[in-house]
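Okay, structure first, notes after.
Read-outs: derived from the displayed coordinates by stated rules, not from any lab. This one's a predicted model, so the numbers in the text were calculated from it and none came from an experiment. Here the Cβ is made from the backbone with ideal geometry for all residues, glycine too, and neighbour counts use every protein chain on show.
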Amino acid sequence: MSRFGTELEVQIASLRRYARALLRDRNDADDLVQESLARALSRADRFKPGTNLRAWLFTIMHNVHVNQVRQKISRPDEVPVEDYEMRLVTPARQETSIELRDMSRALAELPEEQRRVLLLVALEGLKYDEVAAVLQIPIGTVMSRLSRAREAVRIKLANEGGVPLRRVK
C-alpha cells in the first residue's frame with residue numbers, strides 16, 4: 001500500500017465518527033465516508049504532500065455532504081415503511097442514557113453551521129484553522145459559531161438539568 005493509502009486509512013475512524021455525529025444515522029454516515037474516500041482516492045493526484053491530509057479529507061467530506069443535502073432537497077427519497085425494522089439494543093445505565101439523550105437533543109437543536117463547528121472541534125479535535133479550512137469560512141466565524149454553540153448547549157443542559165437523580169440502593 002502506498003504512503004498516501006496508509007495515511008488515508010489512519011483517518012477513516014475520525015471521518016466515520018464525524019459523519020455519524022453529523023448525520024445521526026449509521027448507514028448514511030457510512031455511505032458519506034465511502035463516497036468521501038472514493039472521491040479522495042480518485043483525486044489523490046491533487047493532494048499536496050506535506051499539507052494536512054486530515055483537513056483535506058474533512059473538506060472533501062464537507063463538500064460531499066453539502067452536495068448530498070442539495071440533491072435530497074431537489075429529489076427527496078421515498079422509502080416504504082416496511083423497509084424499517086425494530087432494532088433491539090442493550091440499554092445503557094439510566095443516568096448515562098439520560099445524559100446522552102439530553103446532549104443529543106441539545107446538539108440536534110443547534111443550527112447546522114454551529115453543530116458542524118462544534119463537532120469538528122469537540123469530537124474530532126481539529127484546530128480552529130483546520131475547521132476554517134474544512135468549512136471554507138474565516139477563523140473568526142469558526143470561533144464565534146463555536147462560542148455560540150457551546151453557550152446554547154450549556155443553557156439547554158442547564159435548563160433540562162432540573163432535579164438531579166439520586167441513587168437508590
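Results, tabulated for the structure shown:
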| item | result |
| --- | --- |
| Cα lying deepest toward the dipole's positive end in the stretch 1-75, options Ala55, Ala40, Val69, charges on Cβ | Val69 |
| Karplus (6.51, -1.76, 1.60) ³J(HN,Hα), θ = phi - 60°, over the stretch 9-26, in Hz, Gly and Pro reported as x | 4, 5, 8, 4, 4, 5, 4, 5, 4, 5, 4, 5, 5, 6, 8, 6, 8, 4 |
